[in-house]
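Worksheet: one structure, shown below.
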Amino acid sequence: RRSRAMNIILYGPPGSGKTSVGQVLAQRLGRAFVDADILIAARAGRTIPQLFAERGEAGFRRLEAEICAELAAQSGLVIAPGGGAFLDPANRARLECTGPVFCLRASADALLARLHADGGRPLLAGDDPAGRLQALLAARRTLYASFPAQIETTGRSVEQVADAIVAQLAPRPLTVDAPGLRHAIVLGYGLLERLPALLAEHALTGAALLVTDENVARALDPAPALPRLVLPAGEPHKTLDTVRLIYDACLTHGLDRAGLLVAVGGGVIGDMVGFAAATYLRGVRWANVPTTLLAMVDASLGGKTGVDLPQGKNLVGAFHPPALVISDPLTLATLPPRETAAGLAEVIKHGLIGDAELFTALETGPAFGNLEQLERAIRVKIRVVEADPFERGQRGALNLGHTSGHGVEAASEFAFLHGEAVAIGLSAEAHLAERLGLAEAGLADRLDRVLSRVGLPTRCPGLAPERIRALMSADKKKAGGRLKFALPRRLGEVTWGIDVDEAALREALTALTALAA
């Protein structure tokens, strides 16, 4: 459970500057700097080369794991783990939950020059240090690329690299500025630990109730000073019966019209708490603290709230924007990989409808999740919401993948996570758009490749297409009793409000659910 001041972790290949940059960064931020290799050497009473020679790499890694566990139990540090520390997933998981990891990168020539000047690197000892370095970089390429926050150090001074990290640490204020739906957003590392102070800074005072779910309550420690209600986790609990529990808790804790509800969790919690805020005493203020990727880039924005009925998703709801959205990427480190991948469905959708550069980065770049990428994904939705606050036109573009996806999600009886179902819906609707001659040739295959690259499904073999079609008709995104689709034309261009021929739709759903030959 994380509630302490965050650490800052610097990682990267040998020679990337973890120690020199860490010392400067710690001085600027008024923190202590810890070099894990120095701690290891002090603990063993040996230099690192001596440790390798006497105990071998396996013995060194055991001691390194002990040091990583001790550092993860501390807070407010700048930490430089050894270059191989995160080869052990347990080391990475322990430290990554305590603060952002910045992966320092440099060209092989720059690394080699620095290592020659430094000396004493056991992994590069021998007659061919350049060859050994190239082999090490190749072996760890996937590991280095798995960190969203990448800092290039080639041609930069230590001070310039520290400047770049300080800039990445600064919170980013954003605003949805739409009539009747205005809300402020703060995006930044370590915001959850400052939750009560942030609420006060935005004049959100008075009696408050924090609402979260069992999963978040186990993984995090959101604002222990606030009274809280812990609800069962998951879409099946997104019902009017659960909202009644929120009403009861509001009454128990004395919330009046000046009170505040605080939602800490994913899209389900945000939707329910927002709906409760919209309807309790005919409307009270609320703050949304999304803890999943899907919620950060989509569900927490735009002011739509609601709950499900047995007949379909979000059939009861209201437009009631939060007074404040607080998005802390550190909460994403607590998510299982499947949940992270599910959130990427909305990021890919946003790239497809409004940011071709973001989409391209997802095709070929390192892992998604640094502040700049999150801000880009958030800004796509902000632009659409501001152009069409109450879903009377352009906001229909955000339904891309959802008309089919909601049918898949319900037909699977929620075996698919929402983001997984949206991914399947994105693929289905892109292929449908190509069949109808709306989308440029090859767009659907390109979309399928990026969905697969991040670990998302594009098909749902075994589900009944007739069942998906029936459940799509229960979806709220209908006009005049007919389904309306948002369909892509090319990267950055989506057409919405499209009527689709029933035969073409059934053909697409049959292809979607067909068992592989």
For this session: Calculate, for Arg182 and Glu70, the FRET efficiency according to 1/(1 + (r/R0)^6) with r their C-beta to C-beta distance and R0 51 Å; round to the nearest 0.05.
Result: 0.65
For this session: Report, by chain and number, residues whose modeled amide H sits under 5 Å from the one on Val325, excluding near sequence neighbours (fewer than 5 apart, same chain).
Result: Ala184, Ile185, Val186, Asn288
Exercise. Can you list residues whose amide H is under 5 Å from Asp213's amide H, if they're 5+ apart or on another chain and H is modeled 1.01 Å from N?
Worked result: Leu231
Exercise. Once phi is turned into θ = phi - 60°, what whole-Hz ³J(HN,Hα) does the Karplus curve with 6.51, -1.76 and 1.60 give for every residue of segment 81-86, x standing for Gly and Pro?
Worked result: x, x, x, x, 4, 8
Problem set entry | Beta bridges per DSSP with both ends in the chain, % antiparallel, nearest 5 | 30 percent
For this session: Name the residues whose placed amide hydrogens come within less than 5 Å of the amide hydrogen of Arg172, ignoring near sequence neighbours (fewer than 5 apart) on the same chain.
Result: Leu187, Gly188
For this session: State, as an integer percentage, the relative contact order of the chain based on alpha-carbon contacts under 8 Å between residues 6 or more apart.
Result: 12 percent
Problem set entry | Inter-label distance, nm, simple model (7 Å from Cα along the C-beta direction), Arg218/Asp241 | 2.2 nm
Exercise. Which value in nm describes the separation of the simple spin-label points at Arg506 and Val230, placed 7 Å from the Cα toward the beta carbon?
Worked result: 5.0 nm
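How large is the Kirkwood hydrodynamic radius of the chain, counting all unique pairs of alpha carbons, in Å?
Working: mean 1/r = 0.0407 Å⁻¹.
With all distinct Cα pairs of the chain included, I get 24.5 Å.
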Problem set entry | Alpha-carbon centroid distance for the pair segment 418-464 / segment 140-180, whole angstrom | 31 Å
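Multiply the residue gap between Ala138 and Ala514 by 0.36 nm, knock off their C-alpha separation, and tell me the result in nm, one decimal place. Display every interim value, and only then the final one.
Details: separation 376, 0.36 × 376 = 135.36 nm, distance 3.90 nm.
Gain on stretching Ala138 to Ala514: 131.5 nm.
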Exercise. What residue among Met472, Leu324, Val454 has its Cα farthest toward the positive end of the dipole of the chain, where the charges are +1 on Lys, Arg and -1 on Asp, Glu, each on the Cβ?
Worked result: Leu324
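Between Thr175 and Glu152, what is 0.36 nm times their sequence separation minus the Cα-Cα distance? Round to one decimal in nm.
Numbers: separation 23, 0.36 × 23 = 8.28 nm, distance 2.98 nm.
So the chain would gain 5.3 nm between Thr175 and Glu152.
Run lengths n ≥ 4 of DSSP H only: what is the helix-derived mean residue ellipticity at 222 nm for the chain, with -39500 (n - 2.57) per run over all residues, to the nearest 500?
-14000 deg cm²/dmol
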Seminar exercise, completed: Karplus ³J(HN,Hα) for segment 45-53 (6.51 cos²θ - 1.76 cosθ + 1.60, θ = phi - 60°; Hz, whole; x = Gly/Pro) runs x, 9, 6, 4, x, 5, 4, 4, 5
For this session: Compute the long axis of helix 129-139 from its Cα atoms, compare it with the longest principal axis of the Cα atoms of the chain, and write down the angle in degrees, 0 to 90, nearest 10.
Result: 20 degrees
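Assuming R0 = 30 Å, what is the FRET efficiency of Asp163 and Ala58, from their Cβ-Cβ distance, to the nearest 0.05?
Numbers: r = 39 Å, r/R0 = 1.29.
The computed FRET efficiency comes out at 0.20.
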Exercise. Rounded to the nearest 0.05, what FRET efficiency is calculated for Ala207 and Ala464 with R0 set to 56 Å and r the Cβ-Cβ distance?
Worked result: 0.70
Exercise. For segment 1-99, which trypsin sites (Lys or Arg not before Pro) are in a loop by DSSP, counting at most 13 other Cβ atoms within 10 Å?
Worked result: Arg1
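Among the listed pairs Lys313/Lys484; Lys313/Lys381; Lys238/Lys313, give every one whose C-alpha distance is greater than 19 Å. Before the final figure, lay out the partial values.
Working: Lys313/Lys484 16 Å; Lys313/Lys381 21 Å; Lys238/Lys313 9 Å.
From the list (Lys313/Lys484; Lys313/Lys381; Lys238/Lys313), the Cα-Cα distance tops 19 Å for Lys313/Lys381.
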Seminar exercise, completed: In order over segment 498-506: 3J(HN,Hα) from phi, Karplus 6.51/-1.76/1.60, θ = phi - 60°, whole Hz, x for each Gly or Pro, gives 8, 7, 10, 4, 4, 5, 5, 5, 5
Exercise. Mind checking the angle between helix 371-387 and the chain's longest principal axis? C-alpha axes, 0 to 90 degrees, to the nearest 10.
Worked result: 20 degrees
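What accessible area per residue comes out for segment 395-481, rounded to a whole number of Å², with a 1.4 Å probe?
On the way: 3110 Å² over 87 residues.
Per residue, segment 395-481 has 36 Å² of solvent-accessible surface.
The values are calculated or read from the model by the stated rules, or taken from the named source; none is laboratory data. This is a predicted model, so every value here is computed, not measured. Every residue, glycine as well, gets a Cβ built from its backbone with ideal geometry; the counts of neighbours run over all protein chains shown. Please note that ligands, DNA and RNA were not included when accessible areas were found on the heavy atoms of the full protein model with its side chains. Shrake-Rupley method; radii C 1.70, N 1.55, O 1.52, S 1.80 Å.
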